[in-house]
1. Any chance you could give the angle, 0 to 90 degrees and rounded to 10, that helix 28-97 forms with the longest Cα principal axis of the chain?
2. Which Cα, out of Leu25, Phe44, Ser71, lies furthest along the positive dipole direction of the chain (beta carbon charges, K/R +1, D/E -1)?
3. Specify the angular offset, from 0 to 90 degrees and rounded to the nearest 10, of the alpha carbon long axis of helix 2-24 from the longest principal axis of the alpha carbons in the chain.
4. Rounded to the nearest percent, how much of the accessible area of the chain (1.4 Å probe, protein heavy atoms only) is carbon and sulfur?
5. Using the structure shown, list the pairs from Lys3/Lys56; Lys66/Lys90; Lys28/Lys49 with a Cα-Cα distance above 25 Å, or answer none.
6. Per-residue ellipticity at 222 nm for the chain, helices alone: DSSP H runs ≥ 4 residues times -39500 (n - 2.57), over residue total, nearest 500 deg cm²/dmol?
7. About the Cα centre of the chain, how large is the charge dipole given +1 on each Lys and Arg Cβ and -1 on each Asp and Glu Cβ? Please answer in debye to the nearest 20.
8. Could you check the spin-label model distance between Leu96 and Ile34? Points 7 Å from the Cα along Cα→Cβ, value in nm.
Amino acid sequence: MQKFFINLFILLLSLVLGYGSYAYLSGKYLYMGIFFAGIIFGIFLMMLKLNSKNDKIISYKRELEKESVSSDEAEAKVKVLESKIKVLEKALENALNK
């Protein structure tokens, strides 16, 4: 939510600066105001892109963690089954030898 408000603030700042420069300034100050409004708008666009990339990376990390947990669970189940098989083989050998 904090990212949303930061992005909204940067967008509004660039729009206000651009409009204010266009409406109230003239000459080189007009061009400087529009230039800085463009820079701030570019920062806004790049923050949107970075936020979306970071969200994708975080979701991918969560997916990998889920896969690693499920693979650990599967390995544990295999080990339990192998130990049960060994116990049953020993019990069968003891039963056959008696």
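1. Value to nearest ten degrees: 0.
2. Leu25
3. Roughly 20 degrees between the two axes.
4. On the way: 5920 of 8650 Å².
Carbon and sulfur atoms account for 68 percent of the accessible area of the chain.
5. Values: Lys3/Lys56 15 Å; Lys66/Lys90 36 Å; Lys28/Lys49 32 Å.
Lys66/Lys90; Lys28/Lys49, as the Cα separations exceed 25 Å there.
6. Working: 2 runs with 93 residues, N = 98.
It comes out at -35500 deg cm²/dmol, rounded to the nearest 500.
7. Working: 14 positive and 10 negative charges, 30 e Å.
My answer is approximately 140 debye.
8. For the pair Leu96/Ile34, the computed spacing is 9.2 nm.
The values are calculated or read from the model by the stated rules, or taken from the named source; none is laboratory data. On a predicted model such as this, the values are computed, not experimentally measured, just so you know. Don't worry about glycine lacking a Cβ; one is built from the backbone with ideal geometry, like all the others, and counts go over all protein chains shown. When the accessible area is computed, the model is the full protein with side chains, heavy atoms only, and any ligands, DNA or RNA have been set aside. Shrake-Rupley method; radii C 1.70, N 1.55, O 1.52, S 1.80 Å.
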